[in-house]
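Following: one structure in structure tokens, then a few remarks.
The values are calculated or read from the model by the stated rules, or taken from the named source; none is laboratory data. All values reported here derive from a predicted model rather than from experimental measurement. These area figures cover heavy atoms from the full protein model, side chains too; ligands, DNA and RNA do not enter into them. Shrake-Rupley method; radii C 1.70, N 1.55, O 1.52, S 1.80 Å.
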Amino acid sequence: EPLLRLLSELQRVGYVEEAGVNWVHWNHDKWRSEGKSRFQYWMKDPVILPSAQRLFVEYGFAQHFSSRTIGAFFLRIGIDAAEDPHFDPNEHPVDMVVEDWYLRKLQ
């Protein structure tokens, strides 16, 4: 699947130690009928994590390189993708980046 290839490429070039997708929120029926669903992706120890954490702590600025890369990927294949603003990643280990996403087919 294309998203796993993208995450594998991030791993291959050394951007992350590991990466993957969790489709636990995926709803095939809703995707077929409404063109909407959700998924979660994760990255272990992305190279940018220490600087991203420092930027956020010191300046309140969140960098979104990984998110923008994934969003651009989906847009190229006709899908609007957005992070769930209510998702709390604090239940995951500090060396992990985990995000829930909403997907919507574009017409």
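Over the chain, what percent of the accessible surface lies on carbon and sulfur atoms, probe 1.4 Å?
C and S atoms contribute 54 percent here.
Determine how large the accessible area of TRP31 is when every protein chain is in place; take a 1.4 Å probe and give Å² rounded to the nearest 10.
It works out to around 40 Å².
Taking the radius of gyration and the Kirkwood hydrodynamic radius from Cα positions alone, what is the Rg/Rh ratio for region 1-51, to two decimal places?
1.11
Determine the order of TYR102, TYR59, TYR41, TYR15 by accessible area, beginning with the largest, at a probe radius of 1.4 Å.
My answer, sorted largest first, is TYR59, TYR102, TYR15, TYR41.
Run through all the Cα pairs of region 55-107 and give the fraction in each 10 Å bin from 0, expressed as whole percent.
Values per bin, smallest distances first: 21, 46, 26, 6, 0.
Working out 0.36 nm times the residue gap between ASP80 and GLU9, then minus their Cα-Cα distance, what length gain in nm do you get to one decimal?
23.4 nm
Can you work out the accessible area per residue across the chain, with the rest of the protein chains kept in place, probe 1.4 Å, in square angstrom?
Result: 66 Å² of accessible area for each residue.
How much accessible area does HIS92 have with a 1.4 Å probe, in Å² rounded to the nearest 10?
For HIS92, the solvent-accessible surface is approximately 50 Å².
If you count only protein heavy atoms and use a 1.4 Å probe, how large is the accessible surface of LYS44, to the nearest 10 Å²?
Ignoring ligands and nucleic acids, LYS44 comes out at about 50 Å².
Quick one, can you get me the convex hull of the C-alpha atoms of the chain expressed as volume per residue in Å³?
Considering the Cα atoms of the chain, their hull volume per residue is 108 Å³.
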